[in-house]
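Student: Structure incoming, see below.
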Amino acid sequence: MSVSWGRRQRYKFSNGGSLNFWVPPAFPAVYAITYKQDANNRPKSHTVLFFGEASDLSQEAPALNRRVLETWADTGGDAEDLFVFILPMHGSTRGERLRVHQELVGDYRPAAND
């Protein structure tokens with residue numbers, strides 16, 4: 001499964017699965033942590049809680065994810081309800097990833113990016 005986000009330009013993210021079981025890969029990427037607002041009636045619809053970017057997801061994503069999980073828990077959410085989607089950006093510069101990240105945060109205003 002994949003999903004696309006972006007208003008000006010569409011970015012295709014691949015499904016990384018449940019956040020609880022996600023092992024971040026060792027490559028540069030922008031990623032999204034999502035949840036399903038209405039899992040019963042719209043099981044394929046994901047709402048973005050957080051957009052992150054990293055030069056090496058395996059090194060940088062775990063610390064960011066802890067912060068997102070704390071925010072999610074403060075709203076009464078359960079970690080089992082969170083999913084990860086990845087936009088690999090092999091060979092990208094930090095500036096390129098930040099441009100995509102900032103564009104997506106600006107478009108969607110995810111709660112955990114505030």
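Student: Can you work out ³J(HN,Hα) from phi for every residue in the range 4-10, in order, using Karplus 6.51 cos²θ - 1.76 cosθ + 1.60 and θ = phi - 60°, giving whole Hz and x for Gly and Pro?
Tutor: Ordered by residue, 3J(HN,Hα) equals 10, 10, x, 9, 7, 10, 8 Hz.
Student: Please rank Ser14, Ser92, fewest neighbouring Cβ atoms within 10 Å first, as an exposure proxy.
Tutor: Ser14, Ser92
Student: Label Asn15 and Phe27 with points 7 Å out from Cα along Cα→Cβ: what is the distance between them in nm?
Tutor: 1.9 nm
Student: A further question on this structure: Using helices alone, I'd like the mean residue ellipticity at 222 nm for the chain: each DSSP H run of four-plus residues gives -39500 (n - 2.57), total over residue count, nearest 500. Write out the running numbers ahead of the final one.
Tutor: Numbers: 2 runs with 33 residues, N = 114.
Roughly -9500 deg cm²/dmol at 222 nm, from the helical runs in the chain.
Student: Here's something else I'd like to know. Provide, as a two-decimal number, the C-alpha radius of gyration of the range 1-86 over 2.2 N^0.38 Å, N being how many residues it has. All intermediate terms of the calculation are to be shown ahead of the outcome.
Tutor: Numbers: Rg = 12.6 Å, N = 86, 2.2 N^0.38 = 12.0 Å.
Against the empirical 2.2 N^0.38 Å value, I get 1.05 for the range 1-86.
Student: What is the gain in length, in nm to one decimal, between Asp38 and Arg7 on full extension, counting 0.36 nm per residue of separation less the C-alpha to C-alpha distance?
Tutor: 8.9 nm
Student: If neighbour count is taken as other Cβ atoms inside 10 Å, put Met1, Met89 in order from fewest to most.
Tutor: Met1, Met89
Student: Would you mind checking which residues have amide H under 5 Å from Gly17's amide H? H placed 1.01 Å from N; only 5 or more apart, or other chain.
Tutor: Excluding prolines and chain starts, which carry no amide H, the hits are Val84.
FYI, it's all coordinate maths here, none of it is from the lab. Just so we're clear, the structure is a prediction, and the values are computed from it rather than from any experiment. Positions of Cβ are generated from backbone atoms using ideal geometry, with glycine treated the same way; all protein chains shown enter the neighbour counts.
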